[in-house]
1. From the square roots a ≥ b ≥ c of the eigenvalues of the alpha-carbon gyration tensor of the stretch 21-283, which class results: rounded (a/c under 1.5), prolate (a/b over b/c), or oblate?
2. In whole angstrom, note down how far apart the Cα centers of the stretch 267-284 and the stretch 96-116 are.
3. Work through the residues other than SER258 whose Cβ is under 14 Å from its Cβ and net out their charges, Lys, Arg +1 and Asp, Glu -1.
4. Using a basic spin-label model with each label point 7 Å from the Cα along Cα→Cβ, how many nm lie between ASP228 and PHE256?
5. Find out how many positive minus negative residues lie around LYS210, taking Lys and Arg as positive, Asp and Glu as negative, among other residues whose Cβ is under 9 Å from that of LYS210.
6. Return SER246, SER114 ranked ascending by Cβ neighbour count within 10 Å, so the fewest neighbours appear first.
7. Expressed as a rounded percentage, what relative contact order does the chain have, with Cα pairs under 8 Å and six or more residues apart?
8. Provide ASP232, ASP255 in ascending order of the number of other Cβ atoms located within 10 Å of each residue's Cβ, fewest first.
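All of the numbers you see were taken from the coordinates with simple rules; none came from a lab. These figures come from a predicted structure and were not determined experimentally. Virtual Cβ from ideal backbone geometry, glycine too; neighbours counted across all protein chains shown.
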Amino acid sequence: MHNLTAPFDAPIDHAAPLAGAADARIFAIVNQKGGVGKTTTAVNLATALAAVEKRVLLIDFDPQGNASTGLGITRQNRRVTSYDVLLADVSVAEAAVPTPIPLLSLVPSSVDLSGAEIELVEVSGREFRLRKALEGVLGAYDYVLIDCPPSLGLLTLNALVAAHAVLVPLQCEFYALEGLSHLVRTVERIKRSLNPGLEIQGVVLTMFDKRNILSDLVAADVRGHFGDKVYDTVIPRNVRTSEAPSHGKPVLIYDFRSAGAQAYIHLASEVLRREKAHRDQVRA
Ligand SMILES: Nc1ncnc2c1ncn2[C@@H]1O[C@H](COP(=O)(O)OP(=O)(O)OP(=O)(O)O)[C@@H](O)[C@H]1O
Ligand SMILES: [Mg+2]
C-alpha cells in the first residue's frame, strides 16, 4: 500500500521525452455506473499529467458538465462545446479553451450533449465522430482524456472508438463489480470490430474508506477479478477531494497536501509507468 500522504516524491517519469511530433495518447475514463469518481479522476489525473509538463486536453463528454465546473470554466466560457465538435463539425482546436492549469486545455460540455445520443443515430459514421474530430489535434497534445457520462450509449461508444486506452474508476462499495462484466464485454466487442488497438490500461479503486471493512473486502474482490490491471494506488475517500469542485479547482490545486491530491499524483505516476511499458512493448 502506498503512503498516500507522502510529499510529491512519486517516481514520475521526467526522463520521458514530450511526444513532440508523435501523436497524443487518448484515454477514455469509463464506467457506466454513476458517481464512481470518473470526473474526479479525469480532472485530477489531467492536472497531475500537466504538472509534469505533459500537454493535456480534457474532453468533457458528459452533459452534466462536471469536468468543466470542476476546472472553474464558467457557463459563459462554454459557448463552443463537445456537442459542437460531435454534431456541428466544429474543430476540437476551436472548442478547446485554456484552463487555470498551465498545459491543460478543456473542451467543455453543455446540456445540448444530452440530445446527442438521439441526434447521432441519424448521422453517418456515428461511432467515429469523435475519433475523426480528434485527428486534427493529436500532434498538439501528449494526452487526451475523455470524461465519459454514466452510460454505455453512443457518447461512450464514440470515446471508446477514439481511445487507445480505457481507465475504469471503481468505487469501493458493495455493488462495485456489478455491470463491470458488461463494460469489459463492450470494450472487447469494440476491440474486435471498430478499434483493434483498444485496451483497458487499468482499474482504479476510488473513495476507499479505511475505517470501513467493506472497502477492504471490495478492494480484495476487485483485485481477485482484475489482478494486476488494478493500479496499486487507491484513492481514499477524502473531504478535501469532494470540496474542491465547488471551488472550481482540482484537489491538486485546492489542497495539494491532502490525501486525495497525493493519491492522484501517485496514480499519474503509475499511469505513466504503464505508458512507458506499453511503448517499450510496441518497440520490441
Ligand atoms: N476520493 C473522493 N473522496 C470524497 N469524495 C469524492 C471522491 N471522489 C469523488 N468524490 C465525490 O463523489 C461524487 C461523485 O464523483 P464524480 O463526480 O467524480 O463521479 P462520476 O463517476 O464522474 O459521476 P457521474 O457518473 O455522475 O459522472 C462527487 O460529489 C465527488 O466530489
Ligand atoms: Mg462525471
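1. Details: a/c = 1.42, a/b = 1.22, b/c = 1.17.
Judged from the Cα gyration tensor, the stretch 21-283 comes out rounded (a/c under 1.5).
2. A separation of 27 Å, based on Cα centres.
3. Summing Lys/Arg as +1 and Asp/Glu as -1 gives +2.
4. 3.3 nm
5. 0
6. Values: SER246 10, SER114 15.
By the 10 Å Cβ count, ascending, the order reads SER246, SER114.
7. 27 percent
8. Exposure proxy ranking, most exposed first: ASP232, ASP255.
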